[in-house]
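Below: the structure, in structure tokens.
The values are calculated or read from the model by the stated rules, or taken from the named source; none is laboratory data. No experiment lies behind these values; they were computed from the predicted model shown. Here the Cβ positions follow ideal geometry from the backbone for every residue, glycine too, while neighbour counts run over all protein chains shown.
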Amino acid sequence: MDGEREEPIRPTPIPVPMSQLRFVSQDELAVRMEPVKTLSESKAELYRLVKDSATGEHYLHFAVYHLHMAAGGAEEEYHHLMPLSHDDVIAFALGNGDYVYPANWKAAYLRNGPDGGFVWYDPSGADGAEEAYEDAGAAIRERLLAFRRSGVEWSEDEIKKLLDDIDRQLPPGN
């Protein structure tokens with residue numbers, strides 16, 4: 001209008017909740033996480049409430065500091081971020097609530113790894129699974145040893161059938 005150019009309207013990106021991401025980079029967390037309140041801190045551990053500045057979601061941040069003696073005393077840090085409900089945030093802010101890791105970390109949470117970022121870990125998936133995996137592993141080992149001992153040259157179809165049978169022996173969810 002009147003020879004003036006109007007600036008195009010650029011939409012503001014909608015922030016993606018971290019619960020919707022499979023991998024959260026360390027850089028992304030550094031930008032988005034704001035400390036709210038330290039719950040407990042020592043030379044070896046830190047518990048604090050943090051807030052995602054992009055979405056307003058709160059997390060319980062647990063950090064543990066460790067000296068790796070086998071690596072010449074190299075310092076290592078492990079971080080975990082558990083999403084919190086509004087009630088949990090209020091309880092922790094008022095000094096109530098149990099937050100000690102791992103006893104009170106029953107829900108899925110982000111934990112850091114060697115690739116410079118965080119991935120989701122669900123501790124409920126590990127409950128009681130060890131025995132099922134051990135049983136399946138022993139059965140599979142026996143099948144493979146019997147296969148090896150037989151000395152028979154198996155056809156491609158017979159090997160495929162063996163592998164399909166082994167797949168059926170694995171615990172559900174794999």
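Of all residues in segment 31-72, those satisfying the criterion of being among the hydroxyl-bearing types (Ser, Thr, Tyr) and surrounded by 11 or more Cβ atoms within 10 Å (Cβ to Cβ) are Thr38, Ser40, Tyr47, Ser53, Thr55, Tyr59, Tyr65. State yes or no: is Asn112 polar (S, T, N, Q) and farther than 21 Å from Glu34 by Cα? When the stated conditions are applied, Asn112 does not pass them. Residues that are of a type in the set (D, E, K, R) and assigned to a helix (DSSP H, G or I) were ranked within segment 100-141; the one that is modelled with the lowest pLDDT is Glu130.
Considering segment 1-25, and only residues there that are outside any loop (DSSP other than H, G, I, E, B), surrounded by 13 or more Cβ atoms within 10 Å (Cβ to Cβ) and not hydroxyl-bearing (Ser, Thr, Tyr), the residue that is farthest from the chain's Cα centre (by Cα) turns out to be Met18. Of the residues making up segment 1-27, those that are in contact (Cβ under 8 Å) with a residue 12 or more places away in the chain and either under 28 Å from Asp98 (Cα atoms) or among the polar types (S, T, N, Q) (or both) are Pro17, Met18, Ser19, Arg22, Phe23, Val24, Ser25, Gln26.
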